[in-house]
Amino acid sequence: MIHQTIRRDPATALIRAVMALASGQAQFEEHRGTQWASATFAGMRHVMRLHFAGAEAVAHGERLAAMLPEHEFRIRGQLVADLAIAQVHRRDEGEPALTLTIEALTVEDDCPAGR
C-alpha cells in the first residue's frame with residue numbers, strides 16, 4: 001500500500017481552489033509565495049499566473065477574472081484576506097489567449113503571529 005501525504009499548506013490550497021474555479025480551462029503556469037506577518041496576523045502573499053488558450057477558455061478566463069476578487073474562498077485554516085487581478089495579458093492574433101496574474105493574501109484563521 002502506498003501512503004501519500006496530502007499537502008495542506010496555504011499555497012497548495014489556494015492553487016487548488018483557483019484551479020477548481022477555472023474548471024479545466026486554464027493551464028497553471030507559476031506560483032510565488034512569501035511569508036507575511038502583521039502585529040496580529042501571519043500568512044502568505046501569493047502571486048500566481050494562469051493561461052487560457054482558445055476562444056472558449058479565454059471567455060471563461062474573462063469571467064473568472066471578473067468574479068475572483070469577490071469570491072468567498074473556503075480554505076481550511078486560512079482566510080483569503082485579499083485577492084486582485086494584478087495583470088491581464090490578451091493575445092488576439094492567431095489562437096486567442098489570455099494570461100491572468102493573480103495576487104492574493106492568505107492569513108491563518110484564528111492564529112495570531114508569534115503564537
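The values are calculated or read from the model by the stated rules, or taken from the named source; none is laboratory data. Quick caveat, the model's predicted, so the values are computed rather than measured. Glycine gets a Cβ as well: all are built from the backbone with ideal geometry, and neighbour counts include every protein chain shown.
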Looking at (1) out of contact with any helix residue (DSSP H, G or I) (no Cβ under 7 Å at 6 or more places or on another chain); (2) under 13 Å from I15 (Cα atoms), which one does H46 not meet, given that it meets all the others? (1)
Residues of the range 92-107 being out of contact with any Pro (no Cβ under 8 Å at 6 or more places or on another chain) and surrounded by 13 or more Cβ atoms within 10 Å (Cβ to Cβ), in sequence order, are P96, A97, L98, T99, L100, T101, I102, E103, A104, L105, V107
I'm trying to understand the selection: among the residues of the range 32-57, which are buried (at least 19 other Cβ atoms within 10 Å of the Cβ) and of a type in the set (A, V, I, L, M, F, W, C)? M44, M48, L50, F52, A57
Of the residues S38, S23, only one is modelled with pLDDT of 95 or more, more than 17 Å from I75 (Cα to Cα) and hydroxyl-bearing (S, T, Y); which? S23
